[in-house]
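Report on the following structure.
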Amino acid sequence: MDRDQILEQLEAFELELCTEHLQHLVGLKEEINSAPIYEKYPELFSIDNVKECKKLVETTSGLEKRKNLYLLGSLIGSFMSEPLKELSDERDTFEAKAVVAVDGKDVPFRQIGIMISNEPKHSERKRLFELSLDIKKKMEAYDKKMLEEEWKLAKKTGFPDYTSIFSYVKDTDYDKMAVQMRKFLVDTDALFTKLIETEMGKIGVPTEDAAGYDISFWIRNPKFDPYFKKEQLAPSLKETLRGLGFDLDKQDNIKVDIEDRPGKVPRAFCMPLRIPEEVHLVIKPSGGQNDYKSMYHECGHSEHYANSSADLPFEFKHMGSHCVSETYAFTFEHIIMTEEWLSHHTKMDAATRREFLEFDMTVKLFFLRRYATKLLYELKLHCGDLTRIGGDFEPVKGKKGKEAKYKDMSECYCDMLSKACKVKIHPINWASDVDGGYYSADYLRAWMLEVQLQQHMRKSYGKDWMHKTAAGDFLLKLWKDANKPTPLELAKAFGYDTIDMGIMTEEVIEFFGRK
């Protein structure tokens, strides 16, 4: 197939596949059936297409090379997904149909996480988590099998291994990022240890007894529910957008789904079926400030895609670096973490606002440390490195000076994530808590870019920039280019020459230093 044929088929295939996934994720289809969609495009998923596109990358330059690189990344993703289509469908359908017996009633597995996050008793959270373990073990088997198959497929692409593929197509030096992540973890370790001890104390759980399910309840934090009412979620978002000069009610290309369906996935998401013509913003509210963060985050994605130029090539609209759109998503999510937004949109007094902002920055630091460690873990996972790490996240020596080893990747996952989060993280998710294509690194770079963008907005439009139409005009200029810019080009648009994790360390240290 020539390049035009590949692109034409890929565009049609992705529209059909995303539509199928959308119907399943919003709870309108219990079963997901992507296999017939793959079967309609048998010539698209050949290794010859991958190799031909790689040649195009190597023989072109400028924006043409960038389009070819984005296309190559998408082709490789499809090439590696096609052989796993039945297994993936089976896994997702199993998850959607799975139920947990709780006190004589069958509860959808996808509801258990929401129940845990709303459960005030530590013992009950633990019980609910343990009741779901049998299902998690079955999902672990699916995810382990899919990882093993992905590693085999990666070698067929002509790249040495899984990591090399994404380092090439995303133009990212993961080893260099790993050095930054280790430094960040060490530099914030003492601060976070004190913070999490205090926060776990607030929910009545000693740190030594705390686990991942306690973190879910802590993050949910019902104390602030009176200020983040469910019925005000959509109105507050619309008012915020109006402050920037956008009217969500008149943006017909953004389809908002806030309905509560039994089979709907609990996590919020944005699904751009056609950019900019049809963008779906989906959320299943569970209560409180978490709903607001999720809704605003996905709105950042939605506004980005819905305001992209229709004239852009398909590669720049539907492909490219994920961290570009994640930058805008985090920017919108963190709007509610500002004194200016809180004082305008909630009835919090000054003391409560300060308490909320301190809580929220602690949550942000938790996620930063979690994802920094996830990246380090995924780098070990994808090359089978079982070398044990110490408190500084560097290899430790065992007997006779040899490097100490973990018994398997589940122990590695449990130890690394527990060290970073300061609570016990269960090993069961070692294969499921993995972001395909090193999306964890995209998140991390987006967090860095978000801080740069926030600083630019405050400097250019004031601390209350989210209430200025001029700030909205600036965002519109950025959004027109969709995913065309590289992360470094975004940083330069914000007035920075580099993207470095040091900016995150500075943000949290400076914030808590003001206390």
Point-to-point label distance, residue 15-residue 156, nm (Cα→Cβ direction, 7 Å offset): 2.8 nm
Amide H within-cut-off set for residue 107, under 5 Å, with H built and near neighbours excluded: 100, 101, 102
Cβ-Cβ FRET estimate between residue 51 and residue 274, R0 fixed at 25 Å, reported to 0.05: 0.25
Ranked by how many other beta carbons lie within 10 Å on average, peptides 386-393, 368-375 from highest: 368-375, 386-393
Reciprocal of mean inverse Cα separation for region 1-153 (Kirkwood radius, Å): 18.1 Å
Part-to-part distance (alpha-carbon centres) for region 395-422 and region 460-515, which is given in Å: 36 Å
DSSP H segments from the chain that extend 24 Å or more along their own axis, Cα-based, with Kyte-Doolittle mean of -1.0 or above: 3-25, 62-81, 174-202, 350-381, 439-461
Flagged links, alpha-carbon separation over 24 Å, of 65/492; 364/484; 374/407; 230/255: 364/484
1.4 Å probe accessible area per residue over region 12-159, in Å²: 49 Å²
³J(HN,Hα), Karplus 6.51/-1.76/1.60, whole Hz, each residue of region 156-161, x for Gly, Pro: 7, 7, x, 8, x, 6
Surface per residue (accessible, 1.4 Å probe) for region 367-406, Å²: 47 Å²
Stokes-Einstein translational diffusion, region 140-287 - Kirkwood Rh over all Cα pairs, 1.567 mPa s, 4 °C, in µm²/s: 63 µm²/s
Where labels lie 7 Å past Cα in the beta-carbon direction, separation of residue 310 and residue 43 in nm: 3.0 nm
Rg over Rh [alpha-carbon atoms, Kirkwood Rh] for region 335-426: 1.22
Reciprocal mean inverse distance between Cα atoms of region 365-476 - Kirkwood radius, Å: 16.3 Å
Distance (nanometres) between label positions extended 7 Å along Cα→Cβ at residue 131 and residue 403: 4.3 nm
Charge dipole of the chain about the Cα centre (unit charges at C-beta), most positive-ward option of 118, 165, 192: 192
Largest-first ordering by accessible area, 1.4 Å probe, given options 148, 90: 90, 148
Theoretical FRET efficiency, 1/(1+(r/R0)^6), r = Cβ-Cβ of residue 90 and residue 23, R0 22 Å, to 0.05: 0.80
Amide H contacts under 5 Å for residue 403, placed H, 5+ residues apart: 398
Under 12 Å from residue 202, Cα to Cα: aspartates and glutamates that are on another chain or at least 8 residues apart: 214
Per residue accessible area of region 407-515, 1.4 Å probe, in Å²: 41 Å²
Solvent-accessible area of residue 341 with every protein chain in place, 1.4 Å probe, in Å² to the nearest 10: 0 Å²
Computed [θ] at 222 nm, deg cm²/dmol, the chain (DSSP H ≥ 4; -39,500 (n - 2.57); rounded to nearest 500): -19500 deg cm²/dmol
Theoretical FRET efficiency, 1/(1+(r/R0)^6), r = Cβ-Cβ of residue 194 and residue 459, R0 22 Å, to 0.05: 0.10
Relative contact order %, the chain, counting alpha carbon pairs below 8 Å whose residues are six or more apart: 17 percent
Fully extended contour minus Cα-Cα distance, from residue 514 to residue 175, at 0.36 nm per residue: 118.7 nm
Share of alpha-carbon pairs per 5 Å distance bin for region 132-203, given as whole %: 3, 12, 11, 11, 11, 14, 19, 12, 5, 2, 0
Burial order of peptide ranges 326-336, 171-181, 445-455, 309-319 (average beta-carbon count within 10 Å, highest first): 326-336, 445-455, 309-319, 171-181
Label of the coordinate-derived value, semi-axes √(5λ) of the Cα gyration tensor in Å, listed as [x] 46, 27, 21; [y] 32, 30, 25; [z] 38, 26, 22: [y]
Portion, in percent, of the accessible area of the chain that falls on carbon or sulfur, probe 1.4 Å: 50 percent
Peptides 262-275, 32-45 ordered by average Cβ neighbours within 10 Å, highest first: 262-275, 32-45
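The values are calculated or read from the model by the stated rules, or taken from the named source; none is laboratory data. None of the values given here were measured: they were computed from a predicted structure. Cβ atoms come from the backbone with ideal geometry, glycine included; neighbour counts cover every protein chain shown. All accessible areas refer to the heavy atoms of the entire protein, side chains included, with ligands and DNA or RNA removed. Shrake-Rupley method; radii C 1.70, N 1.55, O 1.52, S 1.80 Å.
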